[in-house]
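What follows is a set of notes on a single structure, which appears directly below.
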Amino acid sequence: MTLLAIGINYSTAPLSIRERLAFPTDILESALKELWRTHEISEAAILSTCNRTELYCTLESGSPQILINWLAHNRQLKPDEFAPHLYSHSDSGLIRHMCRVACGLDSMILGEPQILGQMKTAYQIALQAGTLRKQLGRLFQHTFSAAKKVRTDTAIGSSPVSVAFAAVQLAQQIFDQLSEQTALLIGAGETIELTARHLHQQGIKRIIIANRTYDKAHALAMQFNGYAIALSELPVHLAEADIIISSTGSQLPILGKGRIESAIKLRKHKPIFMVDLAVPRDIEAEVGQLNDVYLYTVDDLQHTVDQNIQARRIAALQAEEIIETQVENFLAWLRAQGAQNTITELRAQSEQVRDEMLFKALTALKNGQDPEQALTKLAHTLTNKIIHTPCVQLREAGNNERHDLIAATREIFKLNNTQ
């Protein structure tokens with residue numbers, strides 16, 4: 001069996017490709033089951049975020065083409081539309097990659113903590129879908145332990161750098177004082193919660209949170225003295241917002257050019273700073289063409305992430321060392337699984353011989369045979385039965401000059417070195 005993954009991320013594919021390969025949460029479990037039923041795939045999990053889509057699998061063969069073909073079929077794309085942007089990892093490379101992803105070492109913002117929670121969600125969905133077995137399931141658990149160790153033993157998470165923080169940091173560069181601004185946040189997920197927290201910490205004057213489910217918006221707004229509205233109320237409140245940051249799971253844009261144009265007129269052309277953190281986009285790309293609108297996507301945030309991460313780069317070097325140790329630990333576990341199968345078969349074979357000989361001895365005792373004779377015969381026959389096949393194989397190894405097998409036998413059974 002081979003551990004294999006294919007994927008794309010912010011560094012290998014533009015947003016236009018990533019959004020077409022993204023898996024919305026509501027279809028992820030059914031997609032997983034479909035992938036798992038594919039020939040040669042015995043385990044499967046899918047990680048899908050705004051910055052990456054990755055398929056993790058255990059396969060009978062090591063060819064990534066099986067996964068590429070499935071991804072093309074499921075996402076209704078031609079392979080050549082996305083294949084040039086793909087990367088693949090197998091076995092030790094996959095173990096290392098998953099650990100690096102979980103620790104935030106492969107993220108747009110070095111060390112960002114959100115990805116670990118997203119990986120845990122991917123694991124839980126796969127577990128719920130029944131697409132995990134021993135190897136991949138154990139690898140996820142090992143990955144989480146590695147990430148915890150990195151967070152504990154290094155300073156990789158010492159400063160609050162994330163996509164949400166980068167958006168707020170960019171807003172601070174555009175506006176002199178956030179204490180005079182109103183922020184409209186669209187969505188109520190983890191990214192928007194982080195954004196609201198950072199804005200609140202930076203002294204934003206007012207926060208409005210819009211969500212399809214009003215109760216979720218209200219619960220989040222209460223944490224930051226904000227104001228909640230339903231998504232349907234957006235047109236009424238757009239003109240109030242100096243800052244608009246959106247991150248929802250909608251498959252269609254929520255804000256279009258016309259709606260923002262109307263808001264700009266009501267604001268008498270006072271500028272609006274907008275950040276679209278969603279994949280697919282929540283805000284139509286054409287909005288960026290409007291005067292008095294400063295629209296940024298997750299790709300644009302790359303220009304701000306180089307700030308405040310120097311300390312994390314030093315920590316990242318330490319993290320890489322920890323990860324290498326964790327890779328070796330998991331490989332040792334995998335190797336032990338091969339030995340364990342052999343041990344299980346050897347034990348089962350020996351127990352079968354034992355049971356047969358014991359049955360014969362007990363039968364002899366019931367028939368009146370002398371107990372000492374019955375036990376002596378049991379011991380003699382049991383020994384001969386157990387060592388018969390290994391002795392035959394060793395004689396054949398000697399005839400064929402297979403000295404490696406003879407040496408291995410001496411090592412396994414700790415025989416004296418004298419010939």
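Bear in mind these aren't lab numbers, they're just calculated from the coordinates by the rules spelled out. Please read all numbers here as calculations on a predicted model, not as lab measurements. Here Cβ is always computed from backbone atoms with ideal geometry, including for glycine, and neighbour counts include all displayed protein chains.
Between Gly288, Gly249, Gly187, find the one with the highest GNM mean-square fluctuation for the chain; connect C-alpha pairs within less than 10 Å.
Gly288
Restricting to the chain, compute how many DSSP beta bridges are antiparallel as a %, nearest 5.
If I count the DSSP bridges inside the chain, around 45 percent turn out antiparallel.
Candidates [x] 1.03; [y] 0.99; [z] 1.19; which is the computed Rg/Rh (Cα atoms, Kirkwood Rh)?
[z]
Only Cα pairs within less than 10 Å get springs; with that Gaussian network setup on the chain, which residue of Ile387, Ile243, Ile229 has the largest fluctuation?
Its mean-square fluctuation being the largest, the pick is Ile387.
Relative contact order (percent) for the chain, with alpha-carbon contacts under 8 angstrom and 6 or more residues of separation?
The value is 14 percent.
Let a ≥ b ≥ c be the square roots of the eigenvalues of the Cα gyration tensor of the stretch 163-302; is it rounded (a/c under 1.5), or, if not, prolate (a/b larger than b/c) or oblate?
Verdict is rounded for the stretch 163-302.
In the Gaussian network model of the chain, springs joining C-alpha atoms below 10 Å, which of Asp355, Asp26, Asp91 carries the largest mean-square fluctuation?
Result for the chain, Cα springs under 10 Å: Asp355 fluctuates most.
Within the stretch 30-152, how many Lys pairs sit with Cα atoms under 22 Å apart, leaving out pairs fewer than 8 places apart on the same chain?
Step by step, the pairs that qualify in the stretch 30-152 add up to 7.
Give the relative contact order (percent, whole number) for the stretch 4-98; include only Cα pairs under 8 Å separated by 6+ residues.
In percent, rounded to a whole number, it is 40.
Please list the non-local residues whose amide H lies under 5 Å from the amide H of Val275, H modeled 1.01 Å from N, same-chain partners needing a gap of 5 or more.
Those lying under 5 Å, H to H, from Val275 are Ile244, Ile245, Ser246, Tyr296.
Which FRET efficiency value, to the nearest 0.05, is calculated for Arg267 and Ile309 with the Förster distance at 41 angstrom and r the Cβ-Cβ distance?
Calculated value: 0.75.
Which lysines have a Cα lying under 20 Å from the Cα of Lys377, excluding residues fewer than 8 positions away in the same chain?
Result set, ordered by chain and number: Lys360, Lys366, Lys385.
Normalised by the residues of the stretch 326-419, what does the relative contact order come to in percent, with Cα pairs under 8 Å and at least six apart?
Worked out over the stretch 326-419, it gives 18 percent.
Rank by packing, highest mean first: peptides 73-82, 127-136, with packing defined as the count of other Cβ atoms within 10 Å averaged across residues.
In decreasing order of mean packing, 73-82, 127-136 become 127-136, 73-82.
On a 0 to 90° scale, report how tilted helix 92-102 is relative to the longest principal axis of the chain, with both axes built from alpha carbons and the result rounded to the nearest 10.
Approximately 40 degrees, to the nearest 10.
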